[in-house]
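As structure tokens, the structure follows; a few thoughts come after it.
Just so it is clear, none of the values below were taken in a lab; they were calculated from the coordinates. From a predicted model like this one, the values you see are computed outputs, not experimental measurements. Here the Cβ positions follow ideal geometry from the backbone for every residue, glycine too, while neighbour counts run over all protein chains shown.
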Amino acid sequence: MGEDLKLVGASLSPHQTYGLENNWSRWEDEHAGQLAAIAPEKYGDLDVWPVIADQATDPDNYRSGDAVKHWERYEEDFALAAELGMTALRTGIAWERVQPSPGEIDEAALDDYRTYLETMHDYGLEPVVTLWHNSLPQWFAADGAWVRDDAAEHFSTYVDAVMDAVGDQVTYWVTLNEPMADLRKYGIVTSVADAIGGGPDVLPDGPANGRKENELLGYYPVRKRRVAANMADTHRAAYDIIHDHDPDAMVGTANTVARWWPPDAGPVQRMLGRIGAQWEYGGWVERTIDHIDFFGVNHYTVLDIDVALDMVVPGRETYEYSDMGWPLDYGSLADVIDWIGEKYDLPIIVTEHGVADHTDRKRQELVRQTMDDLEQLQDDHDLRGYLHWSLLDNFEWDKGFWPRWGLIAVDYDNNCERSPRESAEIYADRIQNL
Ligand code: BGC
């Protein structure tokens, strides 16, 4: 412990930065109009509403298209990251691109990814590569997505091909991004919403997938358990394939870890909060703990749980809020890492951490506080990396383009021109000393 942080940089994902044909693009086409129509009701109370009202009520906001044109402009993006002093970039390979149909591997797509990763190395950036970041091939999603018991088999075909093509380019792999978020889609509320007709609250690859006629019940908890088992099998199979190709590879998943207790919590409240936080991601981690080389932390927000077991979304008197209305505590990442570091005997990589903030003021503060905390965290834990979400503004799933997550701003009215925000300059300045 106490070594220099090896991986310091930022994160992005394929569909969010270059848009693809997949289960999400199909869902976007079906729901863009509805999403625009309900925007005033959904986002009208946010402070950012006057700034985003036009964009959020325009159906085009909800179609990814070619997103922020990262595929066309990745060399420029790598150059910007390198100029900012980053040593690593978390990116992804898109399953839907590599395996366009069940029995087919697109070798040309793999060649493109090889060039992509080689270019990243040319800029001195260590790739951290995610194999599944929320979007799925349509053929896989149309017939049940993760409910399918052959999920691991199909994913293995894809991972094997990826390893043959680019395995030598990558040491750090994230098999699945936030599997627990997918499992939440099988919760009772979503299942009922789906049973009575779906709508924009039922996201892609949720319970509607593979639904058989007259099968209105049984999503929860039966399907949820199946999905959890299939995703865990998928992760384990991918882990083994990667290690067969490269025994030195570091393989993990990216796990949502919110802080469920206030910083001044007493022991009881802290314990309850940890039970809550573990419930959020825990079943998943425990299922795969023997197949994980590092714990990936995606951390964004805080919830408070009180001694009466009430879950409280903390008020504005306690925390600031992001543009998306998520409570923001500038120091909560340190609390979460302290906890994960004590609980699991594993190296930790912060795979995502950031804030949706069009003003950049909160992001600047978050970067400053995080850089202060990282120095101490490196001494106390086996922390291997910090990857800020996100390198660039991008397509924020069902919210579309209005949330601004980037260290680098994207000008959508001007061919997606990039310009580093002040937070990026602060980050560049501070990471030199890590
Ligand atoms: C996801 C990202 C997303 C970010 C902000 C994470 O849950 O991995 O894809 O953009 O949160 O919502």
Please compute the modelled spin-label separation between residue 229 and residue 271, points set 7 Å along Cα→Cβ, answer in nm with one decimal.
3.4
Which of 343, 6 comes first, and how do the rest follow, when ranked by fewest Cβ neighbours within 10 Å?
343, 6
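Express the relative contact order of the chain as a whole percentage, based on alpha carbon pairs under 8 Å and six or more residues apart in sequence. Don't skip to the end; give the middle numbers.
Numbers: 824 pairs, mean separation 86.0, N = 434.
So the answer I get is 20 percent.
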Residue-span extension gain [residue 106 to residue 419] - 0.36 nm each, minus C-alpha spacing
109.3 nm
Give, as ranges by residue number, the residues of segment 160-179 whose backbone N falls under 19 Å from the point 7 Å along Cα→Cβ of residue 115.
162, 165-170
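Rounded to the nearest 500 deg cm²/dmol, what is the calculated helix-only ellipticity per residue at 222 nm for the chain, with -39500 (n - 2.57) per DSSP H run of length n ≥ 4?
Numbers: 15 runs with 189 residues, N = 434.
The helix contribution divided over the chain gives -13500 deg cm²/dmol.
State the percent of C-alpha pairs, over all pairs in segment 79-173, separated by a distance greater than 19 angstrom. Display every interim value, and only then the final one.
On the way: 1902 of 4465 pairs.
Distances greater than 19 Å cover 43 percent of the Cα pairs.
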Across 69/224; 6/343; 343/399; 6/399; 6/362; 224/343, pairs whose alpha-carbon gap is larger than 31 Å:
69/224; 343/399; 6/399
Across 10 Å bins beginning at 0, the whole-percent shares of Cα-Cα pair distances in segment 242-388 come to 11, 39, 35, 12, 3, 0
Pairwise centroid distance, computed over Cα atoms, of segment 394-416 with segment 90-168, Å:
24
So how far apart, in nm, are the two label points at residue 380 and residue 26 if each is 7 Å from Cα heading toward Cβ?
4.6
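When Lys and Arg each count +1 and Asp and Glu each count -1, what net charge do the other residues less than 12 Å away from residue 100, Cβ to Cβ, add up to? Walk me through the numbers on the way to the answer.
Values: positive: 97; negative: 21, 96, 104, 106, 107.
Overall, the nearby charge balance is -4.
To make sure I understand, if each residue's beta carbon is the centre and we count other beta carbons within 10 Å, what order do 171, 288 fall in, fewest to most?
On the way: 171 17, 288 22.
Listed from fewest to most nearby Cβ atoms, that is 171, 288.
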Can you give me the three principal axis dimensions of the chain from its C-alpha atoms, in Å, biggest first?
54, 51, 48
If you wrap a convex hull around the C-alpha atoms of segment 17-99 and split its volume per residue, what is the figure in Å³?
135
Pick from 355, 51, 174 the residue whose mean-square fluctuation is largest in a GNM of the chain, springs joining Cα atoms under 10 Å.
51
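For a quick protection proxy, order the peptides 237-246, 81-90, 329-338, 261-270 by their average other-Cβ count within 10 Å, most packed first. List each step's numbers first, then the result.
Working: 237-246: 18.5, 81-90: 21.6, 329-338: 20.1, 261-270: 15.2.
By packing density, highest mean first, the sequence is 81-90, 329-338, 237-246, 261-270.
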Antiparallel DSSP beta bridges within the chain, as percent of all bridges there, nearest 5:
20
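Neighbouring Cβ atoms within 10 Å as the yardstick, rank 126, 417 fewest first. Show your work: numbers first, answer last.
Numbers: 126 19, 417 12.
Ascending Cβ contact count within 10 Å gives the list 417, 126.
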Determine the equivalent ellipsoid of segment 17-61 by diagonalising the alpha-carbon gyration tensor, then write out the semi-axes as square roots of 5 times the eigenvalues, largest first, rounded to whole Å.
23, 12, 8
